[in-house]
Structure formats: structure tokens, C-alpha cells
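First comes the structure, then the notes that go with it.
The values are calculated or read from the model by the stated rules, or taken from the named source; none is laboratory data. Quick caveat: nothing in here was measured; it's all calculated off a predicted structure. Here the Cβ positions follow ideal geometry from the backbone for every residue, glycine too, while neighbour counts run over all protein chains shown. What goes into the accessible areas is simple: the full protein's heavy atoms, side chains included, and nothing from ligands, DNA or RNA. Shrake-Rupley method; radii C 1.70, N 1.55, O 1.52, S 1.80 Å.
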Amino acid sequence: MAVTFASSERSTIGIEWELACVDAETRELSPLAAELLRRTEGYDGYPRLTTEFLTNTIELASSAHRRVRDAVADLVSLIDRAQPVARELGVELVCGATHPFSRWDRQQVTPGKDRYQRVLDRSQWWARQMMIWGVHVHVGVDRAEAVIPVMNVLIDHFAHFQALSASSPFWQGDDTGYASNRALIYQLLPIAGLPPRFERYEEFERMVEDLVGCQAIEDSSELRWDVRPSPKLGTVENRIPDGVATIEEVGTMAALTQCLAEETMRRLDAGETVEPLPHWFWRENKWRAARYGLDANIIEDAAGSSRPARSAIAALCQRLAPIAEELDCADELAGAERIMQRGAGYERQRRVATDSTDRGRSVVDSLIEELRAGLA
């Protein structure tokens, strides 16, 4: 089956950011996303606000831009439009990758969406537990031949993204012991989690053909991998494992994605072969970063050599700094160092919880304040 890749302008960026609606009084999740969007002035095309899998979630989607800051500005404009309406409804907007105490069995799937219903019908109990939020970054790829190398490089560095973004230590009132509980919950769905290790785009096409043929999916958009091709858009989509609390952190995830993709395409331009890590190291790195966050040891080469995540992230950002200057996202890339200095989301949430007698409510309070402060 041919899965035509509609090439797009190289290294352009589009961002999707999922926000949770919480009740302004109780701090519980609120099912008012559809009503919020109904009362908010709509958009034709992008940037846009839309519903998501659960009725407690809105998704902000930017237009495609050459500069990260312009995609981020789209998201800010969307929040500026949504927040006054949310407050009229008694709702606050937040982003952590999980809610610290709301129960998954009290949430509702957004009605009237066939693709959501298919997920629910197929996955049942596991699908109903998807009380999770993330950030998705699309990066433009100008030819199909570059898709798999860009994918593989992003997966090679997926633990770096996961350690920086990890913000889901709590689940239904408990500290799970994980920095990113979301990363492990989401991969319980079929055809989610890490993708296979492809060598060429044709292998991806053959897999899509097989999965469509056996009725596992209807098309490639139903592959819910951590990193995946988006053939219709001409992008590779880096599905950042955890939702981050601030707009600055969103920009950092986008800049790191953009720089890695551009570096990879330059290597291909120079005739290099981009050899990814073995698949079993991908799996181990993902688990380590989910469990330990920035305190993980990340495997960096095929020999199994590893080093602390903080050191690995700092070295990666230093390597990418010249590309970031050219792409005009140096400040956004430098946000990785700021995250490590003040703590990733899971660290900040645990600090708040330790200092409070009502840790769940205090964590939500802190997420509300972080989003507001970041916008200010």
C-alpha cells in the first residue's frame, strides 16, 4: 500500500498542546470542554481550539511556522481567547500529564466522534483509563527518504524529552514512584508506545498495509506511536510523552525537536548514514526516563554506554546550539537548562505535595499558577 508522503517545508514547526479543564472550586476535572469551545469564537483552519478524547480536555493547535516562537505565540493567543470563557464557566485550565487525584472511572469520552468510539470499543477498560495529557510537535520533512532517519533520531533521544517533560508522578491520589506514569499508561493501548525500528519508508508502508488488511487500523493516523510519520501533513510527529505546565516548556520541546530534525536532514544531505540505537535500548531508555526522570542514566550508543540524563541533555543542547542559532530558537533550546535548574514538572509537583497537608489540591493549585505565570 502506497502511503504518499506530502512533503512540507523543511523544519517548519506546528505544536499541539492538551489542557485539562478543572473545577475552580473543587479542583476536580470538569467535563465542560465542549461548552467552553462552543462559547469561544471559532477558527477556520489553524491555529485552532478543539475537543479531545475526554470531555475534560481541550487541544490547542498552532499553525505551521518556521520559528518556534511564532508557533508558541499561536498557542498563547488561543489560551487568551479561551481563559475568559473558562472562568465564566467556573473552570481553570492546567497542564500536567496526569491529574493528581481525580478518578479515571468518573470521566466521560467525548461523544459524536467515530475515531474516539473506535478506540473505546476496541480497548475498553484500558481506553477508559486514558486520563492523560501531552504535547505533540510536528516538524516538516521535505522528502519521504528523510522520514525514517528523522523518526529514528527522535526516538534515540526520546528519553531526553521524557526526562525533561516528566510531570505525572501522581495517579488517583497516590505517588506512583515514577516521574512519568503517563508514558507507561498510554502504551497500554494497542499500536501505541514505541514504533518498530524501520530502515526505510517502504517498510512503514508495508506495515500500514498489513495493519489495514487485518483491520487493526483504518489508516496510518490511527498509529499512536511515540514518534510517527504524518504523511498527509508532510511531517514527523514527536508525541512528547508528558504534558508540560508552562508555555516556556512547550517551546523547549518544540525547539529540541526542530533542531534534531534539522541536524538529521543535514547529515543526510552530506551523504551520511544515520544508524539508530538497537530497539531494546529504546525500550530500556524509555523505561528509565519514565521511572527516574532527570536522575535516569541514558544509554547513548550501540555498545550500551550510558551517562546521567542531565549531563546527556546538556551535551545535546551544546551540540545543537549552532543549529538553534540559525533556526532562531536558541532561547527556547536553552530552556532545557532552565528546566534542569528549577526542576522538571514531576520534581516541582512532589515539592509542592511534600509541603502541603492536602497535596492533591496543592498540586493542582501550582499547575494553575504555573500556566498563568508563564503566560504573564
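Can residue 24 be described as among the small types (Gly, Ala, Ser) and in contact with a helix residue (DSSP H, G or I) (Cβ under 8 Å, 6 or more places away or on another chain)?
Yes, satisfied.
Give the range 170-184 a look and list any residue that's touching a residue at least 60 places away in the same chain (Cβ under 8 Å) and crowded, with 18+ Cβ neighbours inside 10 Å, or say none.
Correct list: 170, 171, 178, 179, 180, 181, 182, 183.
Cβ-Cβ under 7 Å, sequence separation 6+ or interchain: first residue in the range 286-309 and hydroxyl-bearing (Ser, Thr, Tyr), partner assigned to a helix (DSSP H, G or I). Which pairs?
none
Across the range 139-163, what is the total count of residues that are open to solvent by 20 Å² or more (accessible area, probe 1.4 Å) and within 14 Å of the chain's Cα centre (by Cα)?
Number satisfying all stated conditions: 1.
Do we find that residue 19 is in contact with a strand residue (DSSP E or B) (Cβ under 7 Å, 6 or more places away or on another chain), assigned to a helix (DSSP H, G or I) and over 16 Å from residue 236 (Cα atoms) in this structure?
Here the answer is no, as residue 19 does not meet what is asked.
Condition first: hydroxyl-bearing (Ser, Thr, Tyr) and part of a strand (DSSP E or B). Can you find one or more residues in the range 33-52 that meet it?
Step one: list which residues in the range 33-52 are hydroxyl-bearing (Ser, Thr, Tyr), which gives 40, 43, 46, 50-51.
Keeping just the survivors that are part of a strand (DSSP E or B) gives 50-51.
Yes, that holds for at least one residue.
Could you go through the range 11-19 and let me know if any residue there is modelled with pLDDT of 95 or more and in contact with a Phe, Trp or Tyr (Cβ under 6 Å, 6 or more places away or on another chain).
Yes: one or more hits.
Can residue 82 be described as open to solvent by less than 50 Å² (accessible area, probe 1.4 Å), under 17 Å from residue 235 (Cβ atoms), at pLDDT 95 or above and part of a helix (DSSP H, G or I)?
No, not satisfied.
If I ask for residues that are open to solvent by 10 Å² or more (accessible area, probe 1.4 Å), over 30 Å from residue 80 (Cβ atoms), out of contact with any Pro (no Cβ under 7 Å at 6 or more places or on another chain) and of a type in the set (A, V, I, L, M), which ones from the range 220-273 would you list?
Of everything in the range 220-273, just one residue is open to solvent by 10 Å² or more (accessible area, probe 1.4 Å), over 30 Å from residue 80 (Cβ atoms), out of contact with any Pro (no Cβ under 7 Å at 6 or more places or on another chain) and of a type in the set (A, V, I, L, M), namely 270.
Which of the residues belonging to the range 193-217 are closer than 30 Å to residue 100 by Cβ and open to solvent by 20 Å² or more (accessible area, probe 1.4 Å)?
194
Restricting attention to the range 51-64, report how many residues are of a type in the set (D, E, K, R) and open to solvent by 30 Å² or more (accessible area, probe 1.4 Å).
1
Hey, among 67, 48, 87, which residue is of a type outside the set (Phe, Trp, Tyr), open to solvent by 40 Å² or more (accessible area, probe 1.4 Å) and under 19 Å from residue 22 (Cα atoms)? Step through it out loud before you land on a result.
Numbers: 67 fails: under 19 Å from residue 22 (Cα atoms); 48 fails: under 19 Å from residue 22 (Cα atoms).
Selected residue: 87, the only one of 67, 48, 87 that is of a type outside the set (Phe, Trp, Tyr), open to solvent by 40 Å² or more (accessible area, probe 1.4 Å) and under 19 Å from residue 22 (Cα atoms).
Looking at 118, 106, which is the one that is over 23 Å from residue 168 (Cα atoms) and out of contact with any helix residue (DSSP H, G or I) (no Cβ under 6 Å at 6 or more places or on another chain)?
Within the list 118, 106, the selection yields 118.
Restricting to the range 312-327, and then to whatever is of a type in the set (Gly, Ala, Ser) and touching a strand residue (DSSP E or B) at 6+ places or on another chain (Cβ under 9 Å), can you tell me which residue is nearest to residue 259 (Cα to Cα)?
315
Restricted to the range 100-118, and to residues that are in a helix (DSSP H, G or I) and basic (Lys, Arg), which residue is nearest to the chain's Cα centre (by Cα)?
Looking only at the range 100-118, we keep the residues that are in a helix (DSSP H, G or I), and these are 104-106, 114-118.
Now restrict to residues that are basic (Lys, Arg): 106, 115, 118.
Working: 106: 24, 115: 20, 118: 22 Å.
By that ranking, first place goes to 115.
If you check every pair at least six apart or on different chains, which have Cβ atoms under 6 Å apart with a residue in the range 11-28 that is open to solvent by 30 Å² or more (accessible area, probe 1.4 Å) first and a residue that is of a type in the set (A, V, I, L, M, F, W, C) second?
The qualifying pairs are 16/61; 27/364.
In the range 85-115, how many are modelled with pLDDT of 95 or more, under 26 Å from residue 41 (Cβ atoms) and in contact with a Phe, Trp or Tyr (Cβ under 8 Å, 6 or more places away or on another chain)?
1
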